[in-house]
Amino acid sequence: TFTTMACEIIETNRVSNNATYQRIKHASSSTKTDMIFGLFLPSTYEKSDMTPVLYWLSGLTCDDTNFAIKAGPAAFEEAEKQV
């Protein structure tokens, strides 16, 4: 069964080619803590569309910014090419 969760957008940044990268916080039922994940929305994204998006999840040894910082703009440019 799919359930929805309350989410809070804590940061929004424009990245390559007018795409958007958001940091989103939610309460995790597994860890019983707040967790943050990254969401890449391509420049072609429209709310009424079925546009693909990319989610970046963090592991135990990093946080949600790890991928965006280490991979940098090149990662967003490559993701934009994939949609």
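The values are calculated or read from the model by the stated rules, or taken from the named source; none is laboratory data. If you're wondering where the values come from, they're calculated on a predicted model, not measured in any experiment. Here the Cβ is made from the backbone with ideal geometry for all residues, glycine too, and neighbour counts use every protein chain on show. Accessible surface areas use protein heavy atoms only, side chains included; no ligands, DNA or RNA. Shrake-Rupley method; radii C 1.70, N 1.55, O 1.52, S 1.80 Å.
Remark: the chain carries 73 Å² of accessible area per residue (probe radius 1.4 Å; ligands, DNA and RNA excluded).
Once you place label points 7 Å from the Cα toward the Cβ at A6 and Q82, how far apart are they in nm? Result for the modelled spin labels: 3.2 nm.
Quick one, which of [x] 1.14; [y] 1.26; [z] 0.97 is the actual Cα Rg over 2.2 N^0.38 Å calculated for this model? The value computed from this structure is option [x]. Relative contact order of the chain, taken over Cα pairs closer than 8 Å and 6 or more residues apart, is 24 percent. Against the chain, whose longest principal axis comes from its Cα atoms, helix 66-82 is set at around 50 degrees.
Would any residue of region 1-45 have its amide N under 12 Å from a label point 7 Å out along Cα→Cβ of A71? List them or say none. Those under the cut-off are 38-41.
Of the trypsin sites (Lys or Arg not before Pro) in region 1-76, the ones in a loop by DSSP (not H, G, I, E or B) with at most 11 other beta carbons within 10 Å are K32, K47.
Since only A19, L57, T44 are under comparison, the one whose Cα sits farthest along the positive direction of the charge dipole of the chain, derived from C-beta charges on Lys, Arg, Asp and Glu, is L57.
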